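Trainee: Please find one structure pasted underneath; my questions will follow.
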Amino acid sequence: MSRPKSKLQGPRIVKGKRARAESVHPIQDHSREYAHGRPSPQARLGGSKGDARSSDDQKDEIPVENYVAQRYIENPYLIGGRKFDLRVYVLVMSYIPLRAWLYRDGFARFSNTRFTLSSIDDQYVHLTNVAVQKTSPDYHPKKGCKWMLQRFRQYLASKHGPEAVERLFSDMDNIFVKSLQSVQKVIISDKHCFELYGYDILIDQTLKPWLLEVNASPSLTASSQEDYELKTCLLEDTLHVVDMEARLTGREKRVGGFDLMWNDGPVSREEGPPDLSGMGNFVANTHLGCVNDRNNQLRQLFRSLQNQKKASS
């Protein structure tokens, strides 16, 4: 089973350090990479470096380079005075039609140093990825800098109430779906392929989520025992959804820790087609940060599938 080779380029896929952004805008730069003797405030995505030549004929030969300009979010939500972002996993089984699953577990990644805008060059304050934080002098490898999403959701509910948390997580659901829809027509769609994405989300002080980037090859390296268990289960459940043994019926809304979020349209928690008329109480089939009783669910699912197979034979 292979993964699609095309990358999701809908707000951004980046290798290396991440920039925190309020918005992301692709820019075509045909001529100057430097302004007033200094590098321009744009992050290079890639492309040919070319030669700095002055003639019009030579400039026409230089390939266009893609850039992303991002504005730093200055009001991040803080816990214990520290900045964090969320890592969320989305499994796409098909782009046409779009069929996407959302994993219940994920984690919040914290910086190791209290947040301040007075030291904008301090990576330990502003960059939350573990690859950076673990190089901090006072980083504790056993404690790490992560919270599981269940703990994060409970913390927010105790501070702001369940309704505010539901709105926040619903807004994140919209980010997942709309980002995939934005590239739906340009990604190569093959029914024999799948892709596991790692979404990075920043929350601001108004409980508004911002999409930072989408990783087509999210790190599966564990930084703690809890992290190891999460990623092991994530991989197992990914293979359950991929279903190379052809055990599933194709009508499942949940498989292990994955919930079917989009199936050529929104998926409701209730049975039957969703009521999108505005008259009903539609509730999306997403449970991000909720209890993940995957072992019990898988036992019940495969027992039920075995019984159905016996009954039909």
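Trainee: In the range 241-270, which residues are surrounded by 18 or more Cβ atoms within 10 Å (Cβ to Cβ) and within 20 Å of the chain's Cα centre (by Cα)?
Mentor: If the condition is that a residue be surrounded by 18 or more Cβ atoms within 10 Å (Cβ to Cβ) and within 20 Å of the chain's Cα centre (by Cα), then Val241, Arg254, Val255, Gly256, Gly257, Phe258, Asp259, Leu260, Met261, Trp262, Asn263, Val267 are the ones that fit.
Trainee: Does Ser118 satisfy the condition of being over 18 Å from Leu220 (Cβ atoms), small (Gly, Ala, Ser) and open to solvent by 50 Å² or more (accessible area, probe 1.4 Å)?
Mentor: yes
Trainee: Then there is this: When you check Leu127 against the structure, is it open to solvent by less than 40 Å² (accessible area, probe 1.4 Å) and closer than 28 Å to Asp227 by Cβ, yes or no?
Mentor: The answer is yes for Leu127.
Trainee: Mind listing just one residue for me: the one in the range 48-73 that is at pLDDT below 75 and in a loop (DSSP other than H, G, I, E, B) and, of those, most open to solvent (accessible area, probe 1.4 Å)?
Mentor: Ranking the qualifying residues of the range 48-73, first place goes to Lys49.
Trainee: Considering only residues that are within 19 Å of the chain's Cα centre (by Cα) and either in a helix (DSSP H, G or I) or without any contact (Cβ under 8 Å) to a residue 12 or more places away in the chain (or both), which ones fall in the range 140-161?
Mentor: Passing the criteria: Leu149, Gln150, Arg151, Phe152, Arg153.
Trainee: Under 8 Å between Cβ atoms, at least 6 apart or on separate chains: pull out the pairs that start in the range 94-115 with a residue that is closer than 19 Å to Val255 by Cα and hydroxyl-bearing (Ser, Thr, Tyr) and end on any residue that is surrounded by fewer than 19 Cβ atoms within 10 Å (Cβ to Cβ) and at pLDDT below 95.
Mentor: From the range 94-115, the pairs are Ser94/Ser189; Ser94/Lys191.
Condition check ((1) surrounded by fewer than 20 Cβ atoms within 10 Å (Cβ to Cβ); (2) assigned to a loop (DSSP other than H, G, I, E, B); (3) among the charged types (D, E, K, R)) across all residues:
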| site | (1), (2), (3) |
| --- | --- |
| Ala100 | no, no, no |
| Ala131 | yes, no, no |
| Asp138 | yes, yes, yes |
| Glu163 | yes, no, yes |
| Asn174 | yes, no, no |
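Trainee: Go through (1) surrounded by fewer than 17 Cβ atoms within 10 Å (Cβ to Cβ); (2) small (Gly, Ala, Ser); (3) under 16 Å from the mean Cα position of the chain (by Cα) one by one and return the number of the condition Ala216 breaks.
Mentor: (1)
Trainee: In the range 102-115, what residues are in contact with an Asp or Glu (Cβ under 9 Å, 6 or more places away or on another chain) and open to solvent by 30 Å² or more (accessible area, probe 1.4 Å)?
Mentor: The answer is Thr113, and nothing else.
Trainee: I've got another one for you. If Asn215 satisfies all but one of (1) under 27 Å from Cys233 (Cβ atoms); (2) at pLDDT 95 or above, what's the number of the condition it fails?
Mentor: Asn215 satisfies every listed condition except (2).
Trainee: Moving to a separate point now. Can you say whether Ser179 is modelled with pLDDT of 95 or more, small (Gly, Ala, Ser) and open to solvent by less than 40 Å² (accessible area, probe 1.4 Å), as far as the supplied structure shows?
Mentor: yes
Trainee: How many residues, within the range 197-209, are over 11 Å from the mean Cα position of the chain (by Cα), crowded, with 20+ Cβ neighbours inside 10 Å and farther than 19 Å from Trp147 by Cα?
Mentor: 0
The values are calculated or read from the model by the stated rules, or taken from the named source; none is laboratory data. As the structure is a prediction and not an experimental result, all values here were calculated from the model. Counting neighbours? That spans all protein chains shown, and the Cβs are built from the backbone with ideal geometry, glycine included. With ligands, DNA and RNA removed, areas are computed over all heavy atoms of the protein, side chains included. Shrake-Rupley method; radii C 1.70, N 1.55, O 1.52, S 1.80 Å.
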